[in-house]
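Working notes for the structure below.
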């Protein structure tokens with residue numbers, strides 16, 4: 001079954017998801033995103049959080065109110081609306097049920113390998129393997145921290161899925177390095 005895709009993007013869905021848990025300040029949203037390692041699986045920068053909140057508020061998916069704190073200026077706290085919850089639920093159903101093509105800049109690089117020498121290609125691919133190793137270790141560390149503090153299974157699943165993708169990517173790149181090296185040894189251009 002295919003679910004319709006509501007007119008919110010993934011950044012907006014990520015923010016709405018956090019607001020489903022509790023009303024939050026914009027700065028608190030940033031802290032949670034960083035703490036949970038959400039930037040491993042969603043594309044939301046610190047500078048875009050307030051833009052997203054304003055956009056959601058203009059569409060009545062969140063509401064804001066000013067809260068005064070002792071000896072500090074008032075701050076806006078954001079709360080998801082009933083309509084916001086409904087739109088988020090529809091977005092989640094759409095995201096989970098559909099297989100959308102994800103464009104990869106890496107594929108663009110592979111498509112233009114003819115511009116590099118085999119040695120340059122191999123050097124770049126070895127650099128990629130090292131970068132993948134760093135990412136794998138970082139996500140393993142996040143997962144271990146989440147496991148220690150008994151995060152829900154679906155939070156652990158995010159790390160597991162990311163690790164599966166990164167490990168598969170690493171294996172593919174290592175095999176591709178061998179293929180490029182084989183072409184160098186045989187003198188083949190194809």
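Here are the numbers for this structure:
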{"item": "Of residues in the stretch 138-179 being closer than 26 Å to residue 113 by Cα and in contact (Cβ under 8 Å) with a residue 24 or more places away in the chain, the one surrounded by the most Cβ atoms within 10 Å (Cβ to Cβ)", "result": "166"}
{"item": "Residue in the stretch 44-54 that is nearest to residue 79 (Cα to Cα), counting only those that are in contact (Cβ under 8 Å) with a residue 24 or more places away in the chain and assigned to a helix (DSSP H, G or I)", "result": "53"}
{"item": "Hits in the stretch 100-150 - residues which are under 16 Å from the mean Cα position of the chain (by Cα) and not in a helix (DSSP H, G or I)", "result": "100, 101, 102, 103, 104"}
{"item": "Scan of the stretch 55-90 for residues that are out of contact with any strand residue (DSSP E or B) (no Cβ under 9 Å at 6 or more places or on another chain) and in a helix (DSSP H, G or I), ordered by number", "result": "55, 58, 82, 83, 85, 86, 87, 89, 90"}
{"item": "Any hit, the stretch 95-112, residues being in contact with a helix residue (DSSP H, G or I) (Cβ under 6 Å, 6 or more places away or on another chain), surrounded by 12 or more Cβ atoms within 10 Å (Cβ to Cβ) and in contact (Cβ under 8 Å) with a residue 24 or more places away in the chain", "result": "no"}
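Where a number appears in this text, it was derived from the coordinates with a stated rule and is not lab data. Keep in mind the model is a prediction, meaning the values are calculated, not measured. All Cβ positions, even for glycine, are placed from backbone atoms using ideal geometry, and neighbour counts span all protein chains on display.
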